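Okay, so here's the structure we're looking at.
The values are calculated or read from the model by the stated rules, or taken from the named source; none is laboratory data. Remember, it's a predicted structure, so these values are computed and weren't measured experimentally. All Cβ positions, glycine included, derive from the backbone under ideal geometry; neighbour counts span all protein chains shown.
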């Protein structure tokens, strides 16, 4: 029996020794949430939580880190000191916009979406959205040109049919930022905003921390991170508990076929009063992390959007712009757009895996 206890103890120690917990931070030492971590084959390792932690690198020797606002980073796990990985800013900025007395505000955004599972990327979609904001009517119109590829033709058809429209819509500009939604919920009492020692505003609900708001007045930018799906789940749990308390009956909880979290991350230019317009969007990211119960597979869907052009134009100029934009979208055009507009590239392993999906097109 004694030998059995020793054997079990050794197995537990081996498991603990194998697990390697890391924290991803910026150059100021602040944690980076919603970082997608993959291995050298582009397969999913995990994502960081609101404090930048990844609980286990799963024995991987080489890790690649992707985030919309930071330069793609790769590192050997043997070279990680103090359990910390530092990511540098992508240094992606908008050029100055001159306000003109014209009827339309034109904003062009570039987006890309990667569906990554434990086997690597299985779906990729990218393109541009021509956004026009009619100032007098306060109305946004969009026109999207995109291209997509899947690990199989059937997968591409299913995902493009089911979610392609929503990806395109999410890549458009919005009159209401996530920051404004958070402030509105805080005013209603659904969220609590407090400040930490570093000056970040922490956003919490009745259960846990859900994100941060950081204003960098020197750079005139506001960064907002918020875990929307966890907030929604917490809200449902609170409402269910209130019904149980009021009725004395146990409320039925809906069973899910998959678990998911949805972290939003956005960067807006702000003025000296902390205000921003819809054309002030610099970049945004949505990171959907989930686990399919039936297949026991973890997955990540990474959305990234960057503003690449802004101008005040009239309807005649807009027609000419639309005419100039009528270029067939393919992988080579995507690469050209990324290069011309200085969009931070994907990490080398993800780019190689995406290129593998487009291999026939690249060989042409």
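Brief remarks on what is shown
- Taking every residue in the stretch 18-41 that is free of Cβ contacts under 8 Å to residues at least 24 places away in the same chain and pairing it with any residue that is surrounded by fewer than 22 Cβ atoms within 10 Å (Cβ to Cβ) and part of a loop (DSSP other than H, G, I, E, B), at least 6 positions away or on another chain, the pairs with Cβ-Cβ distances below 6 Å are 31/51; 31/52.
- Any chance residue 318 is surrounded by fewer than 19 Cβ atoms within 10 Å (Cβ to Cβ), at pLDDT below 90 and under 24 Å from residue 278 (Cα atoms): yes
- Residues in the stretch 63-94 that are assigned to a strand (DSSP E or B) and in contact (Cβ under 8 Å) with a residue 24 or more places away in the chain: 14 in all.
- Selection of first residues in the stretch 239-254 that are in the same structural domain as residue 190 (by TED's automatic domain parsing) and of second residues that are part of a loop (DSSP other than H, G, I, E, B) and surrounded by 10 or more Cβ atoms within 10 Å (Cβ to Cβ), restricted to Cβ pairs under 9 Å at least 6 apart or on distinct chains, gives the following pairs, ordered by first then second residue: 239/251; 240/251; 241/251; 243/251; 244/251.
Quick grid of which residues meet (1) under 23 Å from the mean Cα position of the chain (by Cα); (2) closer than 30 Å to residue 142 by Cβ; (3) at pLDDT 90 or above:
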residue: 59; (1), (2), (3): no, no, no
residue: 82; (1), (2), (3): no, no, no
residue: 91; (1), (2), (3): yes, yes, no
residue: 105; (1), (2), (3): no, yes, yes
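- Residue 205 under 24 Å from the mean Cα position of the chain (by Cα) and either touching a residue at least 40 places away in the same chain (Cβ under 8 Å) or closer than 30 Å to residue 295 by Cβ (or both): no
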